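Heads up: the structure comes next, in C-alpha cells.
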Amino acid sequence: MLQLSVYAQEFPGEPTDFKGYDLYKVKVGKRGSISVVCPKEAAPGKPWMWRSFFWKALPGIHDTDLKLVDEGYHVVIAPGDVYGHPKGNALPDAAYDLLTTEYGFAKKCSMASMSRETNALFRWAYTHPDRVESIYVNNGVTNLMSWPGGALVAGSKSK
C-alpha cells in the first residue's frame with residue numbers, strides 16, 4: 001500500500017511512489033504538465049527546486065536531488081526545452097504562477113539543469129532574476145553555436 005505524505009491532499013490526483021516519495025503529475029493549464037516530488041514535511045517557507053530535463057533518466061541526478069527532498073524541499077520537474085528560445089518559458093512561467101499562488105511555494109526557487117536544457121534554465125532566470133534563489137548547472141550547453149549546431153530550433157521559425 002502506498003503511504004501518502006502530509007501533502008497528499010495538496011495536489012490533485014493520486015501520487016505515484018518514487019523511491020519512497022510522493023510524485024504528482026500536475027496539469028498546468030493548456031501548456032502541459034509538471035512533476036512534483038514532495039517531502040514528508042516541507043521546510044519553512046516551502047522552498048523548491050526547479051529541475052529541468054533528464055531527471056528520471058539519470059539516477060545519480062535524482063538521488064542527489066532527493067537529499068533536498070529529505071531537507072523539506074519540493075523538487076519540480078518542469079522542462080522548458082526548445083533550446084532556450086523564449087517560447088520555452090511558457091510552461092515554467094505557468095508552473096511558477098501555479099505553485100507560488102495556489103500551493104504557497106516560496107517566491108524564489110533554486111534551479112538545476114544539465115546539457116541542452118541549461119539554455120532554457122538560463123533564459124528563464126535571465127527573464128525572472130527576482131524569482132531565482134540559486135542555480136546549479138552540470139555539463140550545461142552554454143554555447144548556442146554548438147547546440148543545436150546552428151540549426152533552427154523546432155517551432156521557432158528563427159534562430
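Couple of notes before you dig in:
- Protection-proxy order for peptides 121-131, 66-76, each taking the mean of Cβ atoms within 10 Å per residue, highest first: 66-76, 121-131
- Accessible surface comparison of GLU133, GLU10, GLU117, probe 1.4 Å, protein chains only, largest first: the order is GLU133, GLU10, GLU117.
- Pairs spanning more than 24 Å between alpha-carbon atoms, out of LYS19/LYS40; LYS27/LYS108; LYS30/LYS87; LYS40/LYS87: LYS40/LYS87.
The values are calculated or read from the model by the stated rules, or taken from the named source; none is laboratory data. All figures in this text were calculated on a predicted structure; none of them were measured in a lab. Because the Cβ atoms are built from the backbone with ideal geometry, glycine has one as well, and the counts that use them run over all protein chains shown. Accessible surface areas use protein heavy atoms only, side chains included; no ligands, DNA or RNA. Shrake-Rupley method; radii C 1.70, N 1.55, O 1.52, S 1.80 Å.
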